[in-house]
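Read through the structure below, which is laid out as structure tokens, and then see the notes.
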Amino acid sequence: MKDVRIVVCGLGNVGKAFVELLAERAPDVEARYALRLVLAAAVDIGGAAVCDAPGGLPARELLAHLHAGGRVEGFGKFGRPGLSGPEALDAAAVLVEATPTNLTDGEPGRTHIVAALRRGREVVSANKGPIVLFYKELLELARQNRCGLHISAATAAALPTLDVARVCLAGSRILSVEGILNGTTNYILSRMRAGGAAYETALKEAQQLGIAETDPRKDVGGFDTAAKLVIIANVLFGPSFRLEDVPTQGITGVTPEDIARAGKDGEVIKLVGSAERVGGEVRLRVAPQRLKATHPLASVNGSEKAISYMTDTMDRITVSGGKSSPVGAAAALLKDLINAYV
Ligand code: HSE
């Protein structure tokens, strides 16, 4: 049996869902993988809760405390007001980074991840910001310190994107990638088409599902899709892609009339992130596209997502499903965490 002590940074929708999943699945993981997952510390803006005892923090009680409006640093004898993410790392072997995505400077996630990698901790991140902005440096740091940087949860979460490409397409040449990578916009477009919902109503519903970004302009403006696309491209084609090089158009200009017109022609409008080899280079783009009903992404609806790879030797491989949800993101964190140790 191996003990894996975990510090979770960020206790928003995803961080809380992860703590909940940890509490629920720890016995299964212990039985199946001989890994004892222990919540050693949980950190948020005002401080942390830390427990050095072998069993770690009482996760369910912590959740009850948070759901009742309590702050993590006020969690009884475990509370440590002012304790930061890097300071809490002393208690753990793994950082689960779940603070909000910041696409300007990657903070505070970047500081957490750098501190963890420098100390040789495994990093599992749902936060896209540091991975989009500093992938090359973080990867190098991980290599130098012989630890892993695991990013499934930052690349469409429950939808397996990179795992499929890295494991199942190994040895194939990926010619193009097309993805519906954002659940919020797919939900909005689906509701506008099938239910005739107004854009604002559908966006509110997506927010109630807990899947929209803290600032939903990142979803509807296409930036969340672009962020995931940049990470995927950096992993698959080499780490030289930057957000500012991706022509990005969101869905705010898509009208009910556009959707109805496409429907009359048997087509649907989807927000697609694409990467295509053109000559010697790979070009990325995010834009709403009219897709024929036979296109593998056309029937992906609601908060589900999909990724379709065209390869030279395996032809087209499409994976779909993986609804955006806090639980789905938490499950992607747990998947990476388990796979880091088995
Ligand atoms: N806001 C994202 C989505 C979830 O709607 O898919 C986090 O990546």
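Some notes on this structure:
- Positions within segment 134-162 being part of a helix (DSSP H, G or I) and more than 16 Å from the ligand (Cβ to nearest atom), in sequence order: F134, Y135, K136, E137, L138, L139, E140, L141, A142, R143, Q144
- Scanning segment 116-133 for residues that are over 19 Å from F241 (Cα atoms) and in a helix (DSSP H, G or I) yields a total of 3.
- Qualifying residue in segment 36-43 (condition: surrounded by fewer than 17 Cβ atoms within 10 Å (Cβ to Cβ), over 16 Å from the mean Cα position of the chain (by Cα) and more than 21 Å from G82 (Cα to Cα)): no
- Residue match in segment 298-317 (condition: free of Cβ contacts under 8 Å to residues at least 60 places away in the same chain and of a type in the set (V, I, T)): no
- Applying the condition of being in a helix (DSSP H, G or I) and near the ligand (Cβ under 8 Å from one of its atoms) to segment 200-226 and asking which residue is farthest from the chain's Cα centre (by Cα) yields A206.
- Residues (outside any helix (DSSP H, G or I) and open to solvent by 60 Å² or more (accessible area, probe 1.4 Å)) located in segment 56-68: A68
- Residues within segment 1-21 that are small (G, A, S) and either touching a Lys or Arg at 6+ places or on another chain (Cβ under 6 Å) or open to solvent by 20 Å² or more (accessible area, probe 1.4 Å) (or both), tallied: 1
- In segment 163-172, the residue that is farthest from the ligand (Cβ to nearest atom) out of those that are open to solvent by 50 Å² or more (accessible area, probe 1.4 Å) and assigned to a loop (DSSP other than H, G, I, E, B) is G171.
- Any hit, segment 274-295, residues being open to solvent by less than 50 Å² (accessible area, probe 1.4 Å), assigned by TED's automatic domain parsing to the domain that holds S176, in contact (Cβ under 8 Å) with a residue 24 or more places away in the chain and within 12 Å of the ligand (Cβ to nearest atom): no
- Boolean, A260 is in a helix (DSSP H, G or I), of a type in the set (A, V, I, L, M), over 21 Å from the mean Cα position of the chain (by Cα) and surrounded by 18 or more Cβ atoms within 10 Å (Cβ to Cβ): no
- Among residues of segment 182-194 being more than 11 Å from the ligand (Cβ to nearest atom) and open to solvent by less than 60 Å² (accessible area, probe 1.4 Å), the one that is farthest from the chain's Cα centre (by Cα) is M192.
- Here the condition is being without any contact (Cβ under 8 Å) to a residue 12 or more places away in the chain and crowded, with 18+ Cβ neighbours inside 10 Å; of A212, A202, A197, A157, it holds for A197 alone.
The values are calculated or read from the model by the stated rules, or taken from the named source; none is laboratory data. Everything numeric here is computed off the predicted structure, so don't read it as measured data. No Cβ is skipped: glycine too gets one built from the backbone with ideal geometry, and neighbour counts run over all protein chains shown. For the accessible areas, the whole protein counts, side chains as well, though only heavy atoms, and no ligand, DNA or RNA atoms are used. Shrake-Rupley method; radii C 1.70, N 1.55, O 1.52, S 1.80 Å.
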